[in-house]
Amino acid sequence: MFTRRRPVGKFAPLPIQRLDQGAGDDANVTSPPAGPAPAMLSGPILAVTLMGLGMIAAAITGRLRAGVVLALIAGAGLVLAARLLGMALPHPFSTALALIIASFSFAARGALFARAYPGRGWMIALFVVGGEAAMLATATTMPGVLPPWLLALLPAQWASAAIQTALTGSGTRAAAAQLLALAGTGAVTLLVARLLPRRWPYALMFTAWLGLSALVLHAHAAPHPDAGSGRHGAASSPTANG
């Protein structure tokens with residue numbers, strides 16, 4: 001008369017049993033989609049670290065040197081940790097040059113925020129760092145979602161491509177446009193900070209930023225000399241990490 005109910009707990013092991021039963025059958029196992037290779041994450045991680053510490057520290061203290069030193073210490077620590085974990089460093093000079101230029105460029109922006117918004121510059125720096133870091137994370141985890149022209153506008157992406165090329169690519173030559181863009185924006189930003197409270201220098205900084213972004217985009221679109229070998233072409237592009 002009465003039907004015995006099947007215990008609910010019997011259903012819990014079913015997915016595990018199915019996985020165990022099909023573990024030896026390649027046709028029934030679907031591997032998860034591959035994410036970014038660990039080596040390709042080093043550029044974005046270092047770029048976000050340098051940007052966050054360099055820009056925010058300079059914005060808080062109002063000193064360019066504080067931002068540069070703190071960013072370089074953090075960047076050198078990450079590179080050393082990666083070396084201890086077994087990552088090769090084929091171009092140490094190019095890596096050091098990329099870290100120095102990126103730290104200088106980001107710290108210069110933080111110093112400008114400190115002078116333009118006394119007492120609130122760190123809030124502007126935090127907002128900028130969060131926005132660029134989010135876009136860089138999107139470009140890294142979902143390649144092709146963001147258009148190349150948008151990525152070419154981001155100094156964080158310039159730093160990421162330059163550092164990634166130095167770590168895994170052909171060194172400084174392949175990332176010359178990104179390094180020039182970082183150094184140029186840093187120099188113009190310091191000039192604008194020195195000319196404050198005048199407002200017209202902002203037009204100069206905006207023009208320089210657009211011009212250097214166009215240079216990065218053009219360098220990405222131009223065929224790389226090593227593109228035929230397939231070794232260094234991807235690492236030097238502004239979308240190499242995303």
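The values are calculated or read from the model by the stated rules, or taken from the named source; none is laboratory data. None of the values given here were measured: they were computed from a predicted structure. Note: ideal-geometry Cβ built from the backbone for every residue, glycine included; neighbour counts use all protein chains shown. What goes into the accessible areas is simple: the full protein's heavy atoms, side chains included, and nothing from ligands, DNA or RNA. Shrake-Rupley method; radii C 1.70, N 1.55, O 1.52, S 1.80 Å.
Assorted remarks:
- Flag if Arg198 is more than 16 Å from the chain's Cα centre (by Cα), surrounded by fewer than 14 Cβ atoms within 10 Å (Cβ to Cβ), farther than 26 Å from Gly75 by Cα and at pLDDT 90 or above: no
- Of everything in the range 160-176 that is surrounded by fewer than 23 Cβ atoms within 10 Å (Cβ to Cβ) and closer than 22 Å to Ala214 by Cβ, the residue that is modelled with the highest pLDDT is Ala176.
- Per this entry, Gly121 is counted among residues that are open to solvent by less than 10 Å² (accessible area, probe 1.4 Å) and modelled with pLDDT under 95.
- Qualifying residue in the range 74-81 (condition: assigned to a helix (DSSP H, G or I), within 20 Å of Leu136 (Cβ to Cβ) and open to solvent by 50 Å² or more (accessible area, probe 1.4 Å)): yes
- Test: residue in the range 1-14 that is aromatic (Phe, Trp, Tyr), part of a loop (DSSP other than H, G, I, E, B), out of contact with any helix residue (DSSP H, G or I) (no Cβ under 8 Å at 6 or more places or on another chain) and modelled with pLDDT under 95: yes
- Remark: Leu190 falls outside the filter, which requires a residue to be closer than 24 Å to Ser42 by Cα and either part of a loop (DSSP other than H, G, I, E, B) or in contact with a helix residue (DSSP H, G or I) (Cβ under 6 Å, 6 or more places away or on another chain) (or both).
- The range 131-148: number of residues that are part of a helix (DSSP H, G or I) and surrounded by 14 or more Cβ atoms within 10 Å (Cβ to Cβ): 10
- Scan the range 85-130 for residues that are of a type outside the set (A, V, I, L, M), assigned to a loop (DSSP other than H, G, I, E, B) and over 20 Å from Ala181 (Cβ atoms) and the total you get is 6.
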